[in-house]
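As structure tokens, the structure follows; a few thoughts come after it.
Rule-based calculations on the coordinates, nothing more; no lab input. This structure is a prediction, so every number in the text was calculated from the model and none was measured. As a convention, Cβ positions derive from the backbone with ideal geometry for all residues, glycine included, and neighbour counts pool all protein chains shown.
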Amino acid sequence: MTPIFIIDRDRVERAIMDLGAIGACAGTGVSRTTFSPEWVAAQELVGQWCRDAGLAVRMDAVGNLWGRAEGSAGGKAIATGSHIDSQTPGGRYDGALGVIAGAIAARAVLEQAGPPKRPIEIVSLCEEEGSRFPSAGFWGSRGIIGTIAPEDPERIVGYDGVTIGEAMRAVGLDPARIPDAARDDLEVFLELHIEQGPMLEQAGTPVGVVTGITGIRELRVVVHGRADHAGARPIDLRQDPMDAAAAMIHAVIGVAKEMGRPAVTTVGRILVEPNFPNIVPERVEFTIDSRNPDPEARRQQYARQDALLREIAEAAGLEMTTEVFGALDPCPCDPEVVRVLEEAARAQNVPVMSMPSGAVHDSQQLAARSRIGMIFVQSKDGRSHTPAEFSAVEHCAQGIEVLAGALYRLAY
Ligand code: HGY
Ligand code: MN
Ligand code: MN
């Protein structure tokens, strides 16, 4: 008979608080950037949890921490996990909960059902957010699917001016060995994650089973103007990149507003040079994070936004440069894995609803090498990427029960 897995609520809460204490900031916030001392301490804690669960622990060449239970029948592994790095500041749950869930679910399944037939692996991935190295989002999962270019370690520079290669060496990793992190022996990757939006709460449902993940493009735009005196230079005789950037920002967000849900566009970062109140800026740089889960609508969204950027730059007579620093196609979850998650939820008596993901996830990268499925846990007030992020321990534990049920069904 298929066992039912009851997850200890206290263990879940303790793990959230213990991991959240590493890099704690702003009360309930967390700031834990990849390859920082906090990141090292967090990976050590996850390693301890994996050892407590009876797993063999290793760090791969790119910085992901793995815990593995061998399977009596061998074959490809059933893996689960998420990322350990956070936004700056982020909350205690984004990414972290999926790593906690993997360790706790694996321990529950191994304790209750004994050794699996297929290998089970837990993974704590690095630099999903790109919060230290903006062009290195999904570093850990890209290492696993082998899409990190040989020049990336020395080419990619963090917000602190350090290359990702230097940061790796500082924690004892050799960038030349990155290709060793590639895996072709993962059968399924399951990722539990907080929803990060309001839909589950609005529906009064603790847990979601994800049907597919949105597509994203991250663009860096630089508008070049000319620095002048803020008082003496007449308003009609300026080359003001701020005026053009403001129009561009309004226009690209306007495209998503006009298209409506599920299209979204965010300008979350803006840099002004020289950034003084009484100087017309020389240069304005900003980012555009633009997402749509529908491939055709997404293509149109970007085409309209690109056309508006060009039109506004031309009308202003200013030079504009753009650079894509991140892009991911929309990604459906594997229908068979979705079915297994739904069956596990039913058997575990956890109410679930099917839903898309508006956030992007490591699963999207790992879909290149394995069948993927995702479990969402309700987010209080739909908040995420802020210290205000919170999920009730009851909902977290219910999500982990679904994960444990799915691990059992896939690995035993
Ligand atoms: O931005 C995202 O969707 C993810 O949280 N990094
Ligand atoms: Mn995030
Ligand atoms: Mn995340």
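Odds and ends about this structure:
- Relative intensity, log₁₀ I(q)/I(0), of region 215-328 from a Debye sum that treats every alpha carbon as a point, q = 0.17, 0.23 Å⁻¹: -0.78, -1.22
- Principal semi-axes in Å for the chain [√(5λ), Cα gyration tensor, largest first]: 41, 23, 19
- Under 14 Å from the Cα of LYS76 - aspartates and glutamates, other chains or at least 8 residues apart: GLU121, ASP184, ASP185, GLU187
- Cβ-based exposure ranking for PHE35, PHE5, in which fewest neighbours within 10 Å come first: PHE5, PHE35
- Relative to its residue count, region 217-269 spans a Cα convex hull of 94 Å³ per residue.
- Distant-in-sequence amide contacts of ASP228, defined by a placed amide H-H separation under 5 Å and a gap of 5 or more residues or a different chain, comprise VAL280.
- Using only side-chain charges placed at the Cβ, +1 for Lys and Arg and -1 for Asp and Glu, the dipole size of the chain relative to its Cα centre rounds to 600 debye.
- By the count of neighbouring beta-carbon atoms within 10 Å, fewest first, SER131, SER124, SER72, SER379 end up ordered SER72, SER131, SER379, SER124.
- Kirkwood hydrodynamic radius over Cα pairs of region 326-412, then Stokes diffusion coefficient at 37 °C and 0.692 mPa s, in µm²/s: 231
- Comparing ARG51, ARG233, ARG132 in a Gaussian network model of the chain, where Cα atoms under 10 Å apart are tied by springs, the biggest mean-square fluctuation is seen for ARG233.
- Cα-based convex hull, region 21-113, per residue volume (Å³, whole number): 96
- Taking 0.36 nm per residue of separation and subtracting the current Cα-Cα distance, fully stretching the chain between GLU13 and ASP306 would add 100.9 nm.
- Angle in degrees between helix 335-348 and the longest Cα principal axis of the chain, rounded to the nearest 10: 60
- Expressed per residue, the C-alpha convex hull volume of region 134-251 stands at 216 Å³.
- Across ILE164, ILE104, ILE156, mean-square fluctuation computed from a Gaussian network of the chain (C-alpha pairs under 10 Å connected) peaks at ILE156.
- Antiparallel content of DSSP bridges confined to the chain, in %, to 5: 65
- Pairs of Cα atoms farther than 17 Å apart, region 266-385, %: 71
- Note on region 303-348: Cα Rg divided by 2.2 N^0.38 Å, N the number of residues, gives 2.31.
- For CYS50, CYS25, CYS126, order by how many other beta-carbon atoms lie within 10 Å, fewest first: CYS25, CYS50, CYS126
- Each principal axis of the Cα cloud of region 67-211 was taken in turn, and the coordinate range along them, longest first, works out to 46, 43, 25 Å.
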